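Student: Input: one structure, supplied below.
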Amino acid sequence: MHRQYLTIFIIMTIVFIVSSPLFGNDNTKAAQRFGTLKGQVMDIETKTPLVGATVTIVGTNKGAAADLDGNFAIERVPVGNYSLKFQSIGYNAFIQTDVIVKSNRITFVNAELASSAIEGKDVTVSAGYFRSVQDEPTSATSFSGEEIRRAPGSAGDVSRIVAVLPSVAKVNDQLNSLIIRGGGPAENAFYLDNIEIPNINHYPVPGTSGGPIGLLNVDFVQDVQFSAGGFSALYGDRLSSVMNIEFREGNRDEFDGQIDFSMGGLSLEVEGPISKGRGSYMISARRSYLDLLVDAIGTGVAPKYSDYQGKFVYDLSPSNKLTFLGVAGVDYIEFDSSTSFDDGNTVFGEFDGYEYAVGSNWEYIWGKRGYSNTSVSLLSTKSEDHWNETKSGDKLSRGKNIESIAQFRNVNNFRASNSVKFEFGIDVKYFFNDYDYYFAEYTDMAGNPTDAIIVNDEINAPKYGTFASLVWNPAEKLRLTFGGRYDYFDYGSHSHVSPRFSASYSLNDRTSINAASGIYYQNLPFMLLSQNEKFKELKNPVSYHYILGLHHMLTKDTRLTLEGYYKDYDNFPINPDLPEVFLADQIAVDYYSGTFDELRDDGKARSYGVELTVQKKLAQNIYGLVSAAYTKAEYEDTMGVWRDRLFDNQMLVSIEGGYKPNEKWEYSLRWIYAGGTPYTPLDLDASRAMNRMVSDMSLVNAERRPAYHSLNLRVDHRYHFGKTNMVLYFSVWNVYNRKNVAMYYWNEIEQKQDVENQWSTLPIIGLEFEF
């Protein structure tokens, strides 16, 4: 361990201990603080209230019963961390951990219970401390807002929280791009309150679903459900994964405010009731201060960004709820020529852009049989940029691009009986994109010259989708799901039928065997399609998922999951000028800084692996997750040779956990090990002769970078005052300062091969003040 930063961590922990009395006697017998617990208990399949459901604070004699609207309240609860147990006759019980009661503040906890498979029975396979991801028996994980907030190394980023899962490859500290089971960074879908958002990040990387900094306010997040494969027919146009994010509602009883100071910036958020509790609002605004961390991060630049988001909820009637949602980000970054020269960067330039999503969702409860969610939304991303070559000052590219989507989505849930359920709906999208960009003549990775290209074009096209699933419990221990989608994309006249299937069989009340399979299609990125009119005739890439797994409850709060998977890919674009290269991976790391005259659509790939996860929920003082995976991801080039894909770690091991000795203190860590990823070494003679990066095309993806590993530590301290609360935390990323290699490149300034490392040791301090 790097002695300097271990010393910093110990000193900051001591400072926290010493500082506790400086903020006042925040929680002693002489000044006991209390808060209130409120919430609603509902049927997960119909959203109807569960009248009379019991809510108990685990380990105490405190509790309440739900009223006619499913609402409950438990008052005068001492501040601290609790677990709540929700029970109702005919339903699986559920225990929600990480419920934080704060001084003079209302904590809202909503619960949705799943009915027993057979009427009159209380099946307990999915009961206990683990929330079942609805109709996703394989590859699914759920995280609460508190689990995301406190995770060391996540910086409150919902994308980084899943980095500890065995299905997620380790790519680069600077990006939160998700590489799921051998897929690419463009293969992931994000849904926020029934609204699909293509990218939930600042500085979104073109053609992918990732970026360096998360956009969403983690304090607004109630729950995140992540599926790494085999997901249901409700979701289309993605090859690898789906992340469902649910924002909580604002306080319907009183005004609350919070100020946050963290790695992400300085933010202010407020919430409160609308129309005497018939609705609520939440609003937040954040401004970055990363220019102060430039030296520590080592980027040599000062990114500036801000974001704004809000959620407004109003009950039209007991069975009709209307939600308005808005998320927006503004981004700016500049690489000046002198800094780029000093840092050995190949290019310098400027990026200016914004992204936003606004929409409304109408939830209508039909009665005791089902409900529907109907959303309309508008999303847009605009970017203006220009880049020049550092050594010569020549212009390399410039762009002014706008990508927008108008969306309509309707999802219906109908329970025909206690053993049969239907899900069905439609997706309608209209894309209106405006591209105005220029790429200068340059050289590709093989050193071959490429032609200049000027694009000034609009792509406007609709896309239609419809989906349906039948969920059937033919026996007490067996659950089957049959589903399918039909999608039609007007641009290129592509139509697809995508069948899906999943099954879960309970061997006993602690163990189940699960399986899933399906066909998944995804459109090619518009940025690529815009380069040539004939590219719209290219087939859409397709993946075939096959998953088999086992869930076993080691204890009531500890679950073991073992899964094996196989994914087959077809119809990927291939560049005939670089037949050894897998284009989908290459453009993801080069960000479309190249042009293509011809493309084929017969690219093939495959990935397979086995994953083991042991997760313990916070039932007492300790929580944690340990995972390991062996994976293989490869593609077939045009000569029939199978090569490793760029994000193929092969071995993944993760450890994350924490210890909470009392309601004030929490200590946590995250350690990740990942095998080195493949890369193509430089042709040093050719690079030296051209003074540009030229790869050795006889060794495409034949060598591997050193293995990645990194340790993150964090300590949190909570303060409860008379009418306010505060969390002070200190974290150190990459504690022992591992030099994890991001890439090898040709330094055109010093005319030699150079290396770019990922983040070095980075100390972070943060504060959350509630008023």
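The values are calculated or read from the model by the stated rules, or taken from the named source; none is laboratory data. Small disclaimer: the values here were computed from a predicted structure and weren't measured. All Cβ positions, even for glycine, are placed from backbone atoms using ideal geometry, and neighbour counts span all protein chains on display. Only protein heavy atoms, including side chains, enter the accessible area calculation; ligands, DNA and RNA are left aside. Shrake-Rupley method; radii C 1.70, N 1.55, O 1.52, S 1.80 Å.
Student: Sort 720, 552, 494 by accessible area with a 1.4 Å probe, largest first.
Tutor: 552, 494, 720
Student: Another question, if that's okay. Taking 0.36 nm per residue of sequence separation and subtracting the Cα-Cα distance, how much length would be gained by fully extending the chain between residue 451 and residue 667, in nm to one decimal?
Tutor: 72.2 nm
Student: Probe 1.4 Å, all protein chains in place: accessible area of residue 426 in Å², nearest 10?
Tutor: Using a 1.4 Å probe on the heavy atoms, I get roughly 70 Å².
Student: Roughly how many Å² of residue 322 are accessible to a 1.4 Å probe, to the nearest 10?
Tutor: 40
Student: Keeping the other protein chains in place, figure out the carbon and sulfur percent of the accessible area of the chain, with a 1.4 Å probe.
Tutor: Values: 16980 of 30210 Å².
Using a 1.4 Å probe with all protein chains present, the chain comes out at 56 percent carbon and sulfur.
Student: Taking only C-alpha pairs under 8 Å that are 6+ residues apart, what is the relative contact order of the chain in percent?
Tutor: 12
Student: Moving on to the next point. As a test of the formula, what do you get for the chain when each DSSP H run with n ≥ 4 contributes -39,500 (n - 2.57) and the sum is divided by the residue count, at 222 nm and rounded to the nearest 500 deg cm²/dmol? Present the calculation step by step, with values, prior to reporting the outcome.
Tutor: Working: 8 runs with 57 residues, N = 771.
The helix contribution divided over the chain gives -2000 deg cm²/dmol.
Student: Let me spell out the model: positive unit charges on the Cβ of Lys and Arg, negative unit charges on the Cβ of Asp and Glu, origin at the Cα centre of the chain. What dipole size does that give, in debye rounded to 20?
Tutor: Dipole of the chain, to the nearest 20 debye: 3540 debye.
Student: Could I ask something else about it? So what is the orientation-averaged projected area of segment 464-622, using the convex hull of its C-alpha atoms, in nm²?
Tutor: Convex hull of Cα atoms, orientation-averaged projection: 12.9 nm².
Student: Amide H neighbours of residue 450 under 5 Å, at least 5 residues apart or on other chains, H built in the peptide plane: list them.
Tutor: Residues meeting the amide H criterion: 442, 443, 444.
Student: Mind running the shape call on segment 115-272? Use the C-alpha gyration tensor, a ≥ b ≥ c as the square roots of the eigenvalues: rounded below 1.5 for a/c, prolate if a/b tops b/c, oblate otherwise.
Tutor: Oblate, since a/c reaches 1.5 and b/c is not below a/b.
Student: Along each of its three principal axes, how wide is the spread of alpha-carbon positions in segment 610-696, in whole angstrom units, largest first?
Tutor: Result for segment 610-696: principal-axis Cα extents of 64, 32, 12 Å.
Student: I've got another one for you. Over the alpha-carbon set of the chain, work out the extent along each principal axis and list the three values in angstrom, largest first.
Tutor: 78, 61, 47
Student: Once you treat every alpha carbon in segment 339-427 as an equal point and sum by Debye, what is log10 I(q)/I(0) at q = 0.18, 0.20, 0.21 Å⁻¹?
Tutor: -0.86, -0.94, -0.98
Student: Okay, next question. Using a basic spin-label model with each label point 7 Å from the Cα along Cα→Cβ, how many nm lie between residue 641 and residue 486?
Tutor: Rounded to a tenth, the inter-label distance reads 4.5 nm.
Student: Relative contact order of segment 519-662, please, whole-number percent, based on alpha carbon pairs below 8 angstrom and at least 6 residues apart. Don't skip to the end; give the middle numbers.
Tutor: On the way: 297 pairs, mean separation 28.4, N = 144.
Taking the mean separation of contacting Cα pairs over the length of segment 519-662, I get 20 percent.
Student: What order do 180, 402 take when sorted by accessible area (1.4 Å probe), most exposed first?
Tutor: 402, 180
Student: For the chain, what is the accessible area per residue in Å², given a 1.4 Å probe and the full set of protein chains?
Tutor: Computed with neighbouring chains in place, this is 39 Å² per residue.
Student: Shifting gears a bit: Under 19 Å from a point 7 Å along the Cα-to-Cβ line of residue 570: which residues of segment 496-540 have their amide N that close?
Tutor: Within reach of a label on residue 570: 496-501, 517-524, 537-540.
Student: To continue, here is another question. Going down the list 391/604; 170/616; 102/617; 85/170; 382/463; 664/739, which pairs span over 29 Å between their C-alpha atoms? Before the final figure, lay out the partial values.
Tutor: Working: 391/604 38 Å; 170/616 23 Å; 102/617 21 Å; 85/170 36 Å; 382/463 21 Å; 664/739 35 Å.
Going by Cα-Cα distance, 391/604; 85/170; 664/739 fall outside the 29 Å limit.
Student: Testing the spin-label approximation: label points 7 Å from Cα along Cα→Cβ at residue 600 and residue 533. State their distance in nm.
Tutor: 2.5
Student: Which of rounded, prolate, oblate describes segment 192-275, given a ≥ b ≥ c as roots of the alpha-carbon gyration tensor eigenvalues and a/c under 1.5 marking rounded, otherwise prolate only if a/b is larger than b/c?
Tutor: It is oblate, given that a/c is not under 1.5 and a/b is not larger than b/c.
Student: Using 0.36 nm per residue of separation minus the Cα-Cα distance, give me the extension gain between residue 468 and residue 493 in nm, one decimal.
Tutor: Full extension from residue 468 to residue 493 adds 6.8 nm.
Student: Starting from the eigenvalues of the Cα gyration tensor, five times each then square-rooted, give me the equivalent ellipsoid semi-axes of segment 359-497, largest first, whole Å.
Tutor: Computed over segment 359-497, the values are 47, 18, 14 Å.
Student: So, one more: Using 1/(1 + (r/R0)^6) with R0 = 56 angstrom and r between the beta carbons of residue 750 and residue 259, what's the FRET efficiency to the nearest 0.05?
Tutor: Approximately 0.80, to the nearest 0.05.
Student: Placing +1 on the Cβ of each Lys and Arg and -1 on the Cβ of each Asp and Glu in segment 517-614, which of 553, 612, 517 has its Cα farthest towards the positive end of the resulting dipole?
Tutor: My answer, from the dipole projection, is 553.
Student: Assuming R0 = 35 Å, can you tell me the calculated FRET efficiency for the pair residue 420 and residue 519, based on Cβ-Cβ distance, to the nearest 0.05?
Tutor: Numbers: r = 24 Å, r/R0 = 0.69.
The pair residue 420/residue 519 has a calculated efficiency of 0.90.
Student: Multiplying the sequence separation of residue 555 and residue 266 by 0.36 nm and subtracting their Cα-Cα distance, what value in nm do you get?
Tutor: 99.9 nm
Student: Sort 437, 659, 491 by accessible area with a 1.4 Å probe, largest first.
Tutor: The ordering from most to least exposed comes out as 659, 491, 437.
Student: Shifting gears a bit: Which trypsin sites (Lys or Arg not before Pro) in segment 682-753 pass both tests, a DSSP loop state and at most 11 other beta-carbon atoms within 10 Å? Intermediate values should be presented prior to the final figure.
Tutor: Values: sites: 688, 692, 704, 714, 718, 723, 738, 739, 752; in loops: 692, 723, 738, 739.
Within segment 682-753, the qualifying trypsin sites (Lys or Arg not before Pro) (loop, at most 11 other Cβ atoms within 10 Å) are 723, 739.
Student: Let's test the formula: R0 of 60 Å, r as the Cβ-Cβ distance of residue 688 and residue 75. What FRET efficiency results, to the nearest 0.05?
Tutor: 0.20
Student: Taking the full set of protein chains and a 1.4 angstrom probe, give the accessible area of residue 497 in square angstrom, rounded to the nearest 10.
Tutor: Roughly 100 Å² of residue 497 is accessible to a 1.4 Å probe.
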